[in-house]
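Data first, discussion second: the structure below is written as structure tokens.
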Amino acid sequence: MVFHPIRFAFLLSAASVLIAVSPPAARAADLYCVPLQLTCGGFEPNWNFDLTRDNTLKFTDPENPDWQTRPLTVTACARPARNGYAIRTDAPLALSARVTRGRCVEPNDAVRNYSVSVTFRQGAAGSNPRTVSGTGCCWR
């Protein structure tokens, strides 16, 4: 193999441009989030959330101050998972939800298309948050 300084310089220059336009590592993880619109809710503990296509999650929890008029709004990431989706948020809510396709019957007998298992910081906007888990149903 013959060394060609001009070709080497071109390859080095192209690699530098590629590195310069690559997203930072923290943002690269966000590239895998999918636009998903979904409403989920559950009881014991009582909670619900609305996830919008722009990755905004509005979470209602009776343990939060002003919960009836101001849901806790955080950025979320929904990713495809086996037979559904995995949804995560950062602090203060620290929500982790597993949404699964399949029949789900609510306490009021409404039938939904998805079930959900969720873990979150109950009272995340208050002075005494604690981690809780629950189940519920979701719909689009």
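Nothing in this text is a laboratory measurement; each read-out follows from the coordinates by a stated rule. Note that this is a predicted model, so its numbers are computed, not measured. As a convention, Cβ positions derive from the backbone with ideal geometry for all residues, glycine included, and neighbour counts pool all protein chains shown.
Annotations
- Taking Ser127, Ser115 and counting other C-beta atoms within 10 Å, the order from fewest to most: Ser127, Ser115
- Segment 31-139, dipole about Cα centre (Lys/Arg Cβ +1, Asp/Glu Cβ -1), debye to the nearest 20: 460
- Its alpha carbons give segment 31-139 an Rg and a Dmax of 13.0, 38 Å.
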